[in-house]
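Reviewing the structure listed below.
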Amino acid sequence: MALKNSARLLRNCNTKLNFQVKAALSSEPLFPGAKTTWTETLEFTQTSKPIPVYRVMDRRGNIIRESEDPNLPDGTILKMYKDMTLLSIMDKILYESQRQGRISFYMTNYGEEAAHIGSAAALTNDDVVYGQYREAGVLMWRGFTLECYGNNDDKGKGRQMPVHYGNKELNFVTISSPLTTQLPQAVGAAYALKGKNRIVICYFGDGAASEGDAHAAFNFAATLECPVILFCRNNGYAISTPVEEQYRGDGIAARGPAFGIHTLRVDGNDTFAVYNATKMAKELALKENKPVLIEAMTYRVGDHSTSDDSSAYRSPEEVQSWATNDYPTNKLRYYMEKKGLWDENKEKELLDQARKNVLKAFNAGEKKLKPQWTEMFEDVYKFMPKHIRSQMEEMKAHVEKYKEQYPTNKFTS
Amino acid sequence: MALNKVCSFCMKKVANENRTLSGLLSKRTHFIYSADENTSVKGETKKMNMFQAINSAMDIAMNSDKSALIFGEDVGFGGVFRCTMGLRDKYGKERVFNTPLCEQGIVGFGIGVANMGATAIAEIQFGDYIFPAFDQLVNEAAKCRYRSGGTFDSGKLTVRAPCGAVGHGGLYHSQSPEAYFAHTPGLKVVIPRGPIKAKGLLLSCIREPDPCIVFEPKCLYRAAVEEVPVGDYQLPLGRADILQEGTDVTLIGWGTQIHVLKEVAQLAKSKLNASCEVIDLVSILPWDKDTICESVKKTKRVLISHEAPLTGGFGAELAATIQEECFLHLEAPIARVTGFDTPFPHVFEPFYLPDKWRCLQAIQNLLKY
């Protein structure tokens, strides 16, 4: 015991001595807050050059530098393209259904298909996803069928608005509407998965990055060395608010280095660029137990949601330009055509089949009953406490007495 | 803040009218809106819905107070509920502007503006997304005057936030968070039942020397239409309105629930031959104890109804005070019909709400006790 104490004393003494010697000899600043150098020139720190956008393909689907072609198997490329196409067909049908009053709400993914599919394809289903709400393509890649009816098949039991997907088997944590809350959660999840050969990817938008939770998440991810990919879909708008009113720095990517996070900025409309970036990010996250920030530059071609009409704040010409010149699915299609993987006939066949499948699933979903209405009282807690049970019993008796006043025929009995 | 972006009403084109209506208004509404017909306010009136009345209040505030600023998420193009429509064009983007997407930022910024003596009118896009700003409201806005011995205050801050059920809002576009803020000395909290109240209360809040929160029932933005005075007027904070006099049961509510209760009073008359006194509490903090207790002493029975969950809902505070003040007058235990102690569920909304049938049954129980 005494020996141990003496050893510690000696060590402390050495440390103190070392520090004093170092302090006396050092010509560098020794402030604990930053490892840096001195200067005698007083000037504002200049912003550095904007971070460039990594791309693999040009607008016409040509590979610009051969070494960057991920050379994916044909089957993978076809699945990417088919999922991206299916996603936009599903968007179209569900958007129209909302207009017809058949579903209450929907959010399209138009223009961001490459960001979803490119990132999803670079991960495995063991990697955990925390989404914001515009990431249906990620789920589609993992094999999820989408829910908009809150019917009996809905894993969320109809409690949330449409598009708040979640799936335990596919490691996709159920979406909640509040923005950015998922970021620090994803970081915590990644910490818990350290050393288990799995990573977490967390999607968020350029608007969400302004919330306090975003800064908390960046800082926790860096200091606690969490294997997480913080994936920003910078689509230019937070509802009506353009990025010029959202931030003044070099986008979201510039914040990465400031937090000590490895950062990549990619063309979010280039499926292969997103794929390469996500793959590299995962490798680093696993190898070094460190976070990576990816900023995927893209454009929200659709309205924010079915409750929004974006013509009130941006020109149809602007939207049209992105929809024609830079549409991610088209870019991939040009590439596939050049490779001889795709042609007009295959396109037609895919569109017909996809439309049929979506409509079939949609119509079947529409006919299904909603869950039992007493499900409303379940899952507030693991075990229903007495006060909730008595409220449920009271309501059951009430509904029994006033049957004709409640839409019980739409719910499972 | 979140999907917080769900409900944009764009009236730019008439062609969009149907579309925007379908965007938010429920096909199956749980209430029948009834307009205020007799207003004590004199002068010229104009037919306005609630978002137009709120817009009119802010227009007057901006015009009469050059220091006033309006800010929040998406307020620049008129706000997702159209309350700030046209104001950026009229007063310039230095005074009416979008903020980054950050509720704690919006409220903190507003407190700073108010600290400097300027008027801050902040919008939180949905009441459900006010919680990141909880710290700024509860620990800062509410306590600023107290902790500085009256040297500093944030009285010129007003926060507007939509609240309440809307037919398909689910967990995060339906909540009524008034009780959380009622627990915070230093704040004032009001909830209008329609356009006339919304305008007068908002103008009072903006000019009140203490920080105020106005929760605006989003269901009423379009559904509620009244003849609203076009001029500048204020309605008192802290005072309840007796909307209908009665002798058998006092019905107390606020916001959208007032319209449910007015219909319930009619049902009670026709089905139970009961005479109900309907009171809109209007002001949650401070609340009008005198009006409530006077009514209960007269009717001897009371039903309190709100959309928020039962446990810890503001009805509990009313009930506790009523039993303290009116114990010997009561002929039946105080009844509460409220949302259940669960999150606000999407497809189960028709079963969750304190609808007219649950209220009617409660009145029957009160009378039979």
Aspartates and glutamates with Cα under 16 Å of A:Lys360, excluding same-chain neighbours fewer than 8 positions away:
A:Asp91, A:Glu96, A:Glu147, A:Asp153, A:Asp352
So, with +1 on the Cβ of K and R and -1 on the Cβ of D and E, and no other charges, what is the size of the charge dipole of the range A:66-367 about its Cα centre, to the nearest 20 debye?
920
Determine the principal axes of the Cα atoms in chain B, then give the extent along each, sorted from largest to smallest and rounded to whole angstroms.
61, 55, 43
0 to 90° range, to nearest 10: angle between helix A:316-325 axis and chain A longest Cα axis
80
Amide H contacts of A:Phe231 (H built 1.01 Å from N, under 5 Å, at least 5 apart or other chain):
A:Cys202, A:Tyr203, A:Phe204, A:Ile294
Express as a percent, rounded to the nearest 5, the fraction of DSSP beta bridges in chain A (both residues included) that run antiparallel.
15
Quick check on the exposure proxy: order A:Ile201, A:Ile261 from fewest to most C-beta atoms within 10 angstrom.
A:Ile261, A:Ile201
Could you give the spread of the C-alpha atoms of the range B:224-369 along their three principal axes, from largest to smallest, in whole angstroms?
48, 41, 32
When the Karplus curve 6.51 cos²θ - 1.76 cosθ + 1.60 is applied with θ = phi - 60°, which whole-Hz ³J(HN,Hα) does each residue of the range A:67-72 get, with x for Gly and Pro?
4, 8, 5, x, 6, 6
Using Cα centres only, tell me the gap between the range A:250-299 and the range B:109-156 in whole Å.
37
Calculate the length of the line joining the C-alpha centroid of the range B:214-235 to that of the range A:116-160, in whole Å.
41
How much length is gained if the chain between A:Phe44 and A:Ser26 is pulled fully straight, taking 0.36 nm per residue apart and subtracting their Cα-Cα distance, in nm to one decimal?
3.9 nm
Are any of the pairs B:Lys47/B:Lys218; B:Lys262/B:Lys298; A:Lys403/B:Lys218; A:Lys194/A:Lys282; A:Lys157/A:Lys368 more than 23 Å apart by Cα-Cα distance, and if so, which?
A:Lys403/B:Lys218
Within the range A:128-170, which GluC sites (Glu not before Pro) sit in a loop by DSSP and count at most 10 neighbouring Cβ atoms inside 10 Å?
A:Glu169
The range B:241-368: antiparallel DSSP beta bridges as a percent of all, rounded to 5:
20
Fewest to most Cβ atoms within 10 Å: A:Val56, A:Val399, B:Val96 sort as A:Val399, B:Val96, A:Val56
Ranked from fewest to most other Cβ atoms within 10 Å of their own Cβ, A:Lys382, A:Lys370 fall in the order A:Lys382, A:Lys370
Helix-derived [θ] at 222 nm for chain B: sum -39500 (n - 2.57) over DSSP H runs of at least 4, divide by residue count, nearest 500?
-9500 deg cm²/dmol
Hey, can you grab everything whose amide H is under 5 Å from the amide H of B:Thr45? Only 5+ residues off in sequence or another chain; H modelled, so Pro and N-termini drop out.
B:Val230
Taking every residue of A:300-309, the Cβ atoms of other protein chains inside 10 Å of its Cβ average out to 6
Name the GluC sites (Glu not before Pro) in the range B:299-369 that are in a loop by DSSP and that have at most 13 other C-beta atoms within 10 Å, would you?
B:Glu331
Set of aspartates and glutamates with alpha-carbon distance to B:Lys289 below 14 Å, sequence-local pairs under 8 removed
B:Asp241, B:Asp280, B:Glu317, B:Glu324, B:Glu325
For B:Arg336, what residues show an amide H to amide H distance below 5 Å, using hydrogens built from the backbone and excluding near sequence neighbours?
B:Ile304
Hey, which aspartates and glutamates would be in cross-link range of B:Lys368, C-alpha to C-alpha under 16 Å, not counting anything within fewer than 8 residues on its own chain?
B:Asp248, B:Glu331
Out of all DSSP beta bridges in the range B:3-229, what portion is antiparallel? Express it as a percent rounded to 5.
20
The range A:66-367 - convex hull of the alpha-carbon atoms, volume per residue in Å³:
132
With bins 20 Å wide starting at 0, give me the P(r) of the protein assembly as shown over every alpha carbon pair, in whole percents.
15, 44, 30, 10, 1
State the answer as a single residue: which of A:Phe31, A:Gln46, A:Leu78 lies farthest towards the positive end of the charge dipole of the range A:29-80, with beta carbon charges of +1 for Lys and Arg and -1 for Asp and Glu, about the Cα centre.
A:Leu78
With x for Gly and Pro, the residue-by-residue ³J(HN,Hα) of the range B:218-229, computed from phi through the Karplus equation 6.51 cos²θ - 1.76 cosθ + 1.60 at θ = phi - 60° and given in whole Hz, is 5, 5, 8, 3, 10, 5, 8, 10, 9, 7, 9, x
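Any read-out appearing in this document is the output of simple, stated calculations on the displayed coordinates, not a laboratory observation. Everything numeric in this text was worked out from a predicted model, so none of it was measured. All Cβ positions, even for glycine, are placed from backbone atoms using ideal geometry, and neighbour counts span all protein chains on display.
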